[in-house]
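One structure is given here, and the rest of the page talks about it.
The values are calculated or read from the model by the stated rules, or taken from the named source; none is laboratory data. None of the values given here were measured: they were computed from a predicted structure. Positions of Cβ are backbone-derived with ideal geometry, glycine not excepted, and every protein chain shown enters the neighbour counts. Each accessible area value is taken on the protein alone, full model and side chains, heavy atoms only, with ligands, DNA and RNA left out. Shrake-Rupley method; radii C 1.70, N 1.55, O 1.52, S 1.80 Å.
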Amino acid sequence: MHITNGMNKPITCDIFCAVIDNFGDIGVCWRLAKQLVHEHDMTVRLWVDDLLSFRRLHPAISPDMPIQHCLGVEIWHWSSTFLELTFSKVEPAQLVIEAFACVLPECYVAAMVAQECKSIWVNLEYLSAEEWVAGCHCLPSPNPSLPITKYFFFPGFTLQTGGLLLERDLIARRDAFQSELHTQAAFWRALGVPLPKPDEVRVSLFCYENIALSELFSTWAKANIPILCLVPEDCVLPQVAAFFGTEHVVAGDILQYGNLEIRVLPFIAQERYDELLWACDINFVRGEDSCVRAQWAGKPFVWHIYPQQDKVHLKKLSAFMELYCSGLQLDATRALYSLWQRWNIGQSEGQVASTSLKPAWNEYWKHIALLQRHAREWSQHLSGNSLVLNLLNFVQKIDRMRSLECKSDLR
């Protein structure tokens, strides 16, 4: 799809991203910005308030530059000092995306209101599988005091929602990677990790701090198969160090206990993280962005959902599991539910998993062949619902509605 304005120039887009914590916010916005530029020839400005976090996902980012260009995207540091000097000179884009309800600067909103042809203003919401999402997707929200309307756009897993971010060639690249042993070997060599042994299970582990982690490690150490667990540098490393009785661990460390080997990897840039997910047998992921990428990997995964107050996240987890397990055999569904709930409830304030994680893992592992096939089918099922295509179709629809309203006003 390639949309243009009436003068046949590329559509302009401003994406605003406030990094709350971790990497999900900027991870989603960076993928969206690149896809709009590379697949739809749009001119995109990405406003980010935390360039240091951004640089961990994409090392070419300079945290000291107020304006820079990277992979075709114009990146502006969204800092209050800088904006006071520059916003008076900034013309709002035709499409304005407010990511995850971050609050746009008042002067920018005022500039949108003053436009003769107003921007289309979209709030890109957080991902959820809950039923109410479909009813709120694409709803308008007129500003109570200004003549401008914002629209809610919800990502999701059904055709009644906005779908998921999926690059046009991602599935083809995944399939090529997973079918080419020499490509996988080159990937492992680049990471400094040996090639998989014939009977080894290879796991990637990207999670928040989790009190169930030590029990999971103990279970894997006593398993009857060798398990290589790859842990990128992040907040969980103190827990890894504590389990192995050492003061700290760093990238490059190799730790062994029973049949479990841990290798600590440097933090992996966004472009290479997909390959890690494609290459591993099981992926433990966290938050929103890495969870979606794990689903595109077509491999079994365990989701550590972002913890929220009042345990709202557990309702979101249950809603997703209900969708994900649809069509899966009952025994495998129970095993997946059990492992995921213990992995998440273990870190929920005020709640402790009622039973051990060990039997949950063992039961999950019994069904691994079925879960592998299901993960592949699930990624295929989701792949027909592209967030970017849905978003641009929605923008065109709003644009047509406005054109009709203008013609009506002229009669």
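A few remarks follow.
- Strands (runs of 3 or more DSSP E) contained entirely in region 22-118, each with at least 2 residues that are crowded, with 20+ Cβ neighbours inside 10 Å: 43-48, 73-77, 95-99
- For residue 121, the conditions (1) open to solvent by less than 10 Å² (accessible area, probe 1.4 Å); (2) over 30 Å from residue 360 (Cβ atoms) are fulfilled apart from (1).
- Criterion violated by residue 374 - all others in (1) at pLDDT 95 or above; (2) open to solvent by 100 Å² or more (accessible area, probe 1.4 Å) satisfied: (2)
- From the options 281, 310, residue that is over 21 Å from the mean Cα position of the chain (by Cα) and either of a type in the set (Asp, Glu) or crowded, with 23+ Cβ neighbours inside 10 Å (or both): 310
- Tabulated pairs, region 181-192, first closer than 17 Å to residue 265 by Cβ, second surrounded by 14 or more Cβ atoms within 10 Å (Cβ to Cβ) and modelled with pLDDT of 95 or more, C-beta under 7 angstrom, 6+ apart or interchain: 184/177; 184/279; 187/275; 187/279; 191/265
- Check on residue 196, crowded, with 17+ Cβ neighbours inside 10 Å and within 27 Å of residue 306 (Cβ to Cβ): no
- Extreme residue, surrounded by the most Cβ atoms within 10 Å (Cβ to Cβ), among residues of region 216-264 that are in contact (Cβ under 8 Å) with a residue 12 or more places away in the chain, farther than 28 Å from residue 57 by Cβ and of a type in the set (S, T, N, Q): 219
- Residues that are polar (S, T, N, Q) and more than 20 Å from residue 361 (Cβ to Cβ), drawn from region 319-332: 326
- Those residues of region 157-172 which are at negative phi and either assigned to a loop (DSSP other than H, G, I, E, B) or exposed (fewer than 14 other Cβ atoms within 10 Å of the Cβ) (or both), in sequence order: 157, 158, 159, 160, 161, 162, 165, 166, 167, 168, 169, 172
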